[in-house]
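Asks: Dumping the structure here so I can ask a few things about it.
Rule-based calculations on the coordinates, nothing more; no lab input. Given the structure is predicted, the values throughout are model-derived calculations rather than measurements. No Cβ is skipped: glycine too gets one built from the backbone with ideal geometry, and neighbour counts run over all protein chains shown.
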Amino acid sequence: MTTPEGPNTPDQTPAEASSTEVKKSRTGLWVGIGIAVLVVIAVVIAVVSGAFGGKSGAESPSPSASVSASPSASPSASPSETPSATPDPSPSAPASAALPADCTAVYSPAFLAEYAERNPLNDATNSLEGSTDEKTLALIKAASAHQLRCTLGGAGESGASTIVSQVTPEQQAAVLAVLAERGATCGTELNGTLCQIVTLHAEGIDRTWETSYFRDGLWVQAEQVQFLDKRDFITDIVHTVFGS
């Protein structure tokens with residue numbers, strides 16, 4: 001009986017079989033190593049990516065709304081604050097006025113035109129000093145540093161003198177005190193303080209008139225001996241020296 005034969009398979013020796021197994025084992029090992037390397041690389045990439053991503057997020061703080069501190073401006077002083085008021089000058093401290101430049105600025109041109117021909121201006125023989133009272137003369141002398149003396153007429157029965165002085169409030173008060181002692185009549189006239197003293201003849205006729213006028217720090221002392229009307233004389237002087 002004939003047995004059918006299969007395909008001829010060459011028989012392998014044991015050595016050849018062992019070599020084949022070794023090759024298969026090495027191939028599997030390299031495949032495993034390759035897979036392990038790929039896994040490690042993937043893990044490293046993931047770690048590195050996560051690290052950089054986390055660092056970027058950490059270094060990028062969310063923008064906080066920084067509110068700039070508005071300067072605390074201290075409120076300025078209110079304009080309504082009232083400055084300390086400067087006190088008004090006391091009535092006893094009149095503003096200083098300038099002395100007339102010369103005697104032609106003491107009497108008006110019209111007055112001089114009418115009277116100076118018969119009563120020459122500043123005649124050397126006129127000895128009138130503004131008063132006959134010793135205390136008043138002492139006060140006139142005390143104010144002589146800033147003073148102008150003018151006379152009308154010469155030696156004789158009639159004439160006049162006018163002395164204009166710059167005085168302090170204290171000097172003015174001293175003059176007024178002496179005038180009060182002498183019985184002068186004082187009052188507010190011609191926009192200033194006017195005091196007058198009249199000396200009579202033995203017959204009861206006016207002989208001399210003393211007039212003291214104070215305004216703007218000036219003291220006008222006028223003495224008349226049978227010369228014009230006392231009112232007309234001082235009125236002309238005041239209007240000429242002060243302008244009104």
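Asks: Using only the alpha-carbon atoms of the stretch 103-242, report the extent along each of the three principal axes, biggest first, to the nearest angstrom.
Replies: Cα spread of the stretch 103-242 along its principal axes, largest to smallest: 39, 36, 26 Å.
Asks: Sticking with this structure for a sec: Out of the GluC sites (Glu not before Pro) in the stretch 128-158, which ones are loop residues according to DSSP with at most 14 other C-beta atoms within 10 Å? Write down the numbers at each step before the final one.
Replies: On the way: sites: GLU129, GLU134, GLU157; in loops: GLU129, GLU157.
Passing both the DSSP loop test and the Cβ count: GLU157.
Asks: What residues have an amide H closer than 5 Å to that of GLU189, excluding those fewer than 5 places away on the same chain, when H is modeled at 1.01 Å from N in the peptide plane?
Replies: Long-range HN contacts for GLU189: LEU194.
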